[in-house]
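First the structure, in the form of structure tokens, and then the observations on it.
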Amino acid sequence: MFQSRHFKHWPVHLPRKLEPPKRTIFKNLIVSAERFPKKTAIVFYGTKISYLDLLHQTETLAAYLRDECRVKKGDRIILDLQSSPQFVMGYYAISVSYTHLTLPTICSV
């Protein structure tokens, strides 16, 4: 019912559905680190982090979450950081562990 009402106004030249990606967001980071290891992935207050460094730091954090914090598939993790390289690393590290990521909003603080 919702779709029929929705698609009455949908632009003709746009697809009506999206195919899910064939690889995970973490796999995209791995591919980028392999293809462009020295290329800058993040610039934060003048500090540059390459794709390879981002991958290594993300893998280190993911291993810490798994081995030290005992995070496992299905757990819920809240990522409460401001925009920073650590947020990006946390996002990737949490995504590789197949946990449920929760991002707080300003209203929930």
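In the range 1-42, the qualifying residues are those that are surrounded by 10 or more Cβ atoms within 10 Å (Cβ to Cβ) and among the polar types (S, T, N, Q), and the one that is farthest from the chain's Cα centre (by Cα) is 3. Evaluate the following for residue 29: is it modelled with pLDDT of 85 or more, among the hydrophobic types (A, V, I, L, M, F, W, C) and out of contact with any Lys or Arg (no Cβ under 9 Å at 6 or more places or on another chain)? Considered against the rule, which asks whether it is modelled with pLDDT of 85 or more, among the hydrophobic types (A, V, I, L, M, F, W, C) and out of contact with any Lys or Arg (no Cβ under 9 Å at 6 or more places or on another chain), residue 29 comes out as yes.
Here's a check for you: in the range 65-85, which residue that is part of a helix (DSSP H, G or I), touching a residue at least 12 places away in the same chain (Cβ under 8 Å) and closer than 16 Å to residue 98 by Cβ is nearest to the chain's Cα centre (by Cα)? Write out each step before concluding.
First, pick out the residues of the range 65-85 that are part of a helix (DSSP H, G or I): 65-67, 85.
Next, only the ones that are touching a residue at least 12 places away in the same chain (Cβ under 8 Å) stay: 65-66, 85.
Remaining after also requiring closer than 16 Å to residue 98 by Cβ: 65-66.
Numbers: 65: 16, 66: 17 Å.
If we take residues in the range 65-85 being part of a helix (DSSP H, G or I), touching a residue at least 12 places away in the same chain (Cβ under 8 Å) and closer than 16 Å to residue 98 by Cβ, then 65 is nearest to the chain's Cα centre (by Cα).
Residue count for the range 47-83, restricted to those that are on the phi < 0 side of the Ramachandran plot, modelled with pLDDT under 90 and among the small types (Gly, Ala, Ser): 1.
Residue-by-condition table, conditions (1) among the aliphatic types (A, V, I, L, M); (2) more than 24 Å from residue 97 (Cα to Cα):
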{"site": "17", "(1), (2)": "no, yes"}
{"site": "20", "(1), (2)": "no, no"}
{"site": "24", "(1), (2)": "no, no"}
{"site": "33", "(1), (2)": "yes, no"}
{"site": "42", "(1), (2)": "yes, no"}
{"site": "45", "(1), (2)": "no, yes"}
{"site": "49", "(1), (2)": "yes, no"}
{"site": "52", "(1), (2)": "yes, no"}
{"site": "55", "(1), (2)": "yes, no"}
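Annotation note: Cβ proximity below 8 Å between a residue of the range 9-37 that is on the phi > 0 side of the Ramachandran plot and in contact (Cβ under 8 Å) with a residue 60 or more places away in the chain and a residue that is in a loop (DSSP other than H, G, I, E, B) and surrounded by 13 or more Cβ atoms within 10 Å (Cβ to Cβ) (sequence gap 6+ or interchain) occurs for no pair.
The values are calculated or read from the model by the stated rules, or taken from the named source; none is laboratory data. No experiment lies behind these values; they were computed from the predicted model shown. Note that each Cβ is placed from the backbone with ideal geometry, even for glycine, and that neighbours are counted across all protein chains shown.
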